[in-house]
Each structure stands twice: as structure tokens, then as C-alpha cells.
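Peer 1: I'd like to ask some things about the structure below.
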């Protein structure tokens, strides 16, 4: 039986302090948990270390100091390395430890990690998130959880500090499948958001006024309300990297092929985002799609003025 998790009794390991991970880890520190952090780029650890976190040289060391270990990294290969590698978290985890991967990754890898963990008396949960940098900062992420019922139930007080909507989707890998549903929905929606704003711009409309009209109606969406203003302002800093979104769409397309599904809308969105990456915007936010679409029509979407 897993004992209750609390700041007094539970030490946390955190692997990955990027755009979202740093904010998420910060919420656990603010709640009083003792946290040991690891990140490939040590410069990104500084804000968390200044708030009292301890530094671990490897994911294994982070796990050795913890009862629960979270990871949120870039690609499935990174998940495999930080979890199953010789210096990965599983190598340092004691029986009863809970490993929680919040990276958007492959469902089959989540199931593989859960099986490897179970063989060592360790629990493994996949819990990818949606909500971007804003959701991470404001602790209102949607968290899609896959795993055995006991560790998922035990994690409830920790996940509640990170997200507003936490839903257990099923066994290991189910959280990742639910995240693929999320990404498929976003992919085509982002095409619509960018095409609509490109149309409004070419028609000479005041896009802020247009947004006030359409965002609260049937055409409204999270992407329109949260990323539309950034597009209008020409601000393309990442809430979620294009290169990571391409990774997610690749996983979804591979899973759809495995299941014998034709998803032409997703395939089109993936090709359009390939163009965004080819134009040098792989490290911009997903809303930089408007730049590629604009160039197809022979114009440049204006960037924000320097210093804005």
C-alpha cells in the first residue's frame, strides 16, 4: 500500500526544467515539498535552486533522493534515457517509488516503462499535459493519466497542485493515447486559427476587434483566445515548440497507421508544420504556423517590434 503523500513525508525528484517543467516544479516547492532537480542544461536550474531545490547530477541521483519522481523532457528518446538508461530514474528508484512521466511520448514506451518498473517493485504512471506555458504557470493544466489505480490515486494531491483537470484514462499508455486525441484536435484547429487571422489581415480588418467578435461564439477555442493575441502582436515565443508539436503529430500518425485509420486533416497539418520548421521556426511557438501560411500567399507576417 502506498502511504499518503505530503510535504512532511514525501520527497520529490524533478527531471526537466524547460518552458513548462520549471513552472510545474515551482508549484511543488511553493507547497512545501522538498525537491531535487535535474536538467541537462544546468543554467535552467538556477531559479529553482534559488528557491530551495537541491541539484542532482543525474536522473538516477534524483530518484535516489525521492519517493516520487516527475519527468517532462522533449522526445521519446529522452524519456527512454532519463527513465530506463543506466543513469536513469528507474536505476535509482527504491521499491515503492512512483515514476511519473509528463512528457508527451509514445503509448508503447509508457507501457514498456510500466512493465520494467513493476519488475523492480516500482510504480510508473504516464501523465502528459495540455495547457502550454500559461497553464503551467497558472497551475491549470489538463492532465491525462495512464497507470494502475493505486499509484494514480496516491498522486492526486500532487497532480492537483499542477493542474485543474486530472482524469485517469486507463492502464499504462492510456494517458498518452488521450494526449494524442488532444494533439489531433489542436492540429487542425491551429490551421483554422492561422488561416482565419491571415484572411482578416488581408481584408484590412482590425484583428483585435475581430477577435472580440468571434472568440466568444461558436468559432471560439483555447488556441484562438490564448494564441490569437500573440499572432496579432507578432510574438512567437514558445508556449509549446513547433519541433515538439511535430514530434507529437508524428506519434499520432504512426499510431493511426497501426490502427488502420486515415486521418487526412492531421496529415495535412503535419506537412504545413514541416514547412514552418524548414523556414527556421522549429523553436518558435506552434502559432508560428501563420508565418508559413503567410509566405504561401507572398507576404511576411509582421514580427513584434524589437524590445516588445
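Peer 1: Taking only the Cα atoms of the stretch 195-308, how large is their convex hull per residue, in Å³?
Peer 2: Roughly 120 Å³ of hull volume per residue.
Peer 1: Take the alpha carbon atoms of the chain, find their radius of gyration, then divide it by 2.2 N^0.38 Å using N residues; give the quotient.
Peer 2: 1.03
Peer 1: Just want to confirm a number: the relative contact order over the stretch 11-171, from Cα pairs under 8 angstrom separated by 6+ residues, in percent.
Peer 2: That works out to 19 percent.
Peer 1: Just the Cα atoms of the stretch 113-161, one point each, no solvent: what log10 I(q)/I(0) does Debye give at q = 0.13, 0.17, 0.27 Å⁻¹?
Peer 2: The computed values of log10 I(q)/I(0) come out as -0.36, -0.57, -0.99.
Peer 1: Helix-derived [θ] at 222 nm for the chain: sum -39500 (n - 2.57) over DSSP H runs of at least 4, divide by residue count, nearest 500?
Peer 2: -14500 deg cm²/dmol
Peer 1: Going by Cα centres, the stretch 100-142 and the stretch 147-216 are how many Å apart?
Peer 2: Centre-to-centre distance over Cα atoms comes out at 16 Å.
Peer 1: Mind jotting down the distance between the C-alpha centroids of the stretch 1-43 and the stretch 52-66, whole Å?
Peer 2: If you average the Cα positions of each part, the centres end up 10 Å apart.
Peer 1: What percent does the relative contact order of the stretch 178-296 come to when contacts are Cα pairs within less than 8 Å and at least six residues apart?
Peer 2: So the answer I get is 37 percent.
Peer 1: For an R0 of 45 angstrom, estimate the FRET efficiency from the Cβ-Cβ distance between residue 215 and residue 254 and round to the nearest 0.05.
Peer 2: 0.85
Peer 1: Using alpha-carbon positions, what is the distance between the centroids of the stretch 272-308 and the stretch 237-254, in Å?
Peer 2: Centre-to-centre (Cα) distance: 15 Å.
Peer 1: Once the cut-off is 19 Å, how many percent of the Cα-Cα pairs in the stretch 11-171 end up in the long-distance tail?
Peer 2: Result for the distance tail: 47 percent.
Peer 1: What is the antiparallel percent of DSSP beta bridges lying wholly in the chain, to the nearest 5?
Peer 2: Percent antiparallel among DSSP bridges in the chain is about 15.
Peer 1: On to the next question. I need to check one value: relative contact order of the chain, counting alpha carbon pairs closer than 8 Å and at least 6 residues apart, in percent.
Peer 2: In percent, rounded to a whole number, it is 13.
Rule-based calculations on the coordinates, nothing more; no lab input. These numbers come from a predicted model, not from an experiment. Counting neighbours? That spans all protein chains shown, and the Cβs are built from the backbone with ideal geometry, glycine included.
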